[in-house]
Amino acid sequence: MAPDPVRTGPRQVADAHLDRLVRLDPMLATSLGLPDGEDDLTDLSPDGLEARAAEARRTLAELDAVEASVGVADAEERRCARLLRERLTAGLAVHEGGELLRDVNTLGSPVHQVRSVFLQMPAVTAQDWQRIGARLARVGHALDGYRRTLAEGLRRDLVAGPGLVAALVEQLGAWNAGEGWFSTFVGPGRRSHPDVEDALVRGARIADVAVEDLRTWLAREYAPPAAASGRDVVGRERYQVHSRNWNGADLDLDEAYAWGWVEFARLDAELRAGAEQVLPGAQPLEAMHHLDTQGPAIEGVDAVRDYLQSLMDGAIAALDGVHVDLAEPLRRVEAMIAPVGSAAAPYYTPPSMDFSRPGRTWLPTLGRTRFPTWDLVSTWYHEGVPGHHLQLAQWVLVAPSLTRYQSTIGSVGANVEGWALYAERLMDELGFLTEPGERLGYLEAQQMRAVRVIIDIGMHLELPIPADQQVPTPFHPGERWTPALAREFFAANSGRPADFIDSEIVRYLGMPGQAIGYKLGERAWLAGRDAARSRRRRAGRSFDAKAWHMAALSQGSLGLDDLTAELAAL
């Protein structure tokens, strides 16, 4: 395919791809704050998947033509070209391997994307709620497309694991408990804009019924063949495809697994020392239990939301102009409570491209009303500032001078999660985690990410557990990983409650390769910073950490194949 004459380089090709893709994917458009298809939902059927894959192939052909005709000499063009090619080929490998035909998980599957889009829509004026009502009426069609995709997977013997199916069925049941999530969601619109009440009631009822129909179909029609397949783990070949998609690199999985054990042992020693500071003579789990039951805590859902907002506001005030530079739009970030039926882990949603919708952090309460603070502080540095919000909102800010593609859908999970985990470490380095309980929370969060590397790779590849573990209490040496052993190991090395641990294991089974990106991404960020510092020292120049951070955050997305080298050159 010959390049369009007005598209003179990879950056133009990347943004043209984004423009075409949002027309195929209205839910993506909403997440970016764009008006395309604002009363429609994405086609989740096999035809819709193929249309988006065809767009990826078209863009690769355009990129080939541009590179052949004009070359890529400019560093920014080169960086964009490498990212675009890697992201498109990684995504096509997932599509062509049939993985989207069995996309069942409890965090980011198509049914979760459908619900999430409504939380991202403006909901103030009558016109806003009118659009919401129109979109709600399309939920049934969208979920029917997802069901047809899973049915096509069944036809091809590409089936999700039984544990994943059972977990999603249970989660959808929670969504529809009582009045139904969508019917509850439209309550504010019904009360404030009675002129659109009928449309909202009809649309919400359609959506709630569609969720229940999907849940029933999964339980009755999909679960039996899933149970017959008998496997929630994916094996090395499929894991490598997913890992590439999440991490932007063809990782040496055996090296990563071995490194995970080394990092686990290092953090185990730190965690034991931290527990001693909290409760002399206590083991880590004993110290965490003490903090859960007798440490500082926030009572009430509204109060914990206010507390998390104050954490982020305080971090912005302390860091801005000293350790980072925050443009005015980045100084707004909102703490939110996640909707009922969410997975257990907190998360972040970026601002819209025009910042009319701010970045938001989300806390799943899991029915709790009391919230110990020891494990919330570093988590909100991860989700908010200087973590996800600083990076992803900065990408939106620099999109006009970079590309909108690099700032949005070109995102690589390991880059993003690696930065956020690095941000937790940075706050520790800067002295923000001196209170013993809060620092133990930070160390436990670091340890959890090392555990993820071990069990995510270990159980999916069914690797042996090493016999030479450098920890006081070795874990099942010589046995091969299973999901049950992964849960046992997580529980033995985490202060998290049982429902969180169960949710995490299901998450790893449903998103192979995603959970390893936190620690491996942090490793890449640290290596890049160390290399940049050493390079400047050799040149007789001082290392300006603030300038380096802002330059690093303004590069846009990079995969792990490129991240350390690009950071080192800053």
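The numbers here are math on the coordinates, done by the rules we state, and not lab data. Computed from a prediction, not measured in an experiment: that's the story for all the values here. A quick note on method: Cβ atoms are made from the backbone with ideal geometry, for glycine too, and the neighbour counts reach across all protein chains shown.
Table for the structure above
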quantity: Segment residue 286-residue 252, extension gain: residue separation times 0.36 nm, minus the distance between their alpha carbons; calculated: 8.6 nm
quantity: Furthest towards positive pole of dipole, 437, 460, 484, structure part the stretch 436-491, Cβ charges; calculated: 437
quantity: Pairwise FRET efficiency - residue 554 versus residue 273, Cβ, R0 = 30 Å, nearest 0.05; calculated: 0.20
quantity: Inter-label distance for residue 325 and residue 141, nm, one decimal - labels placed 7 Å from Cα along Cα-to-Cβ; calculated: 4.8
quantity: DSSP-assigned coil residues among trypsin sites (Lys or Arg not before Pro) in the stretch 351-428, each with at most 16 further Cβ atoms within 10 Å; calculated: 368
quantity: Within the chain, helix-based [θ] at 222 nm, where runs of 4 or more DSSP H residues each add -39,500 (n - 2.57), nearest 500; calculated: -20000 deg cm²/dmol
quantity: Total charge dipole magnitude, the chain, about the Cα centre, Cβ charges on Lys, Arg, Asp, Glu only, Debye to nearest 20; calculated: 540
quantity: Neighbour cut-off at most 13 other Cβ (10 Å), DSSP loop, GluC sites (Glu not before Pro), the stretch 467-530; calculated: 479
quantity: Residue-span extension gain [residue 537 to residue 475] - 0.36 nm each, minus C-alpha spacing; calculated: 18.0 nm
quantity: Net charge over other residues, Cβ less than 13 angstrom from the Cβ of residue 499 (K, R count +1; D, E count -1); calculated: +1
quantity: Förster radius 22 Å - calculated FRET efficiency between residue 197 and residue 119 (Cβ-Cβ, nearest 0.05); calculated: 0.60
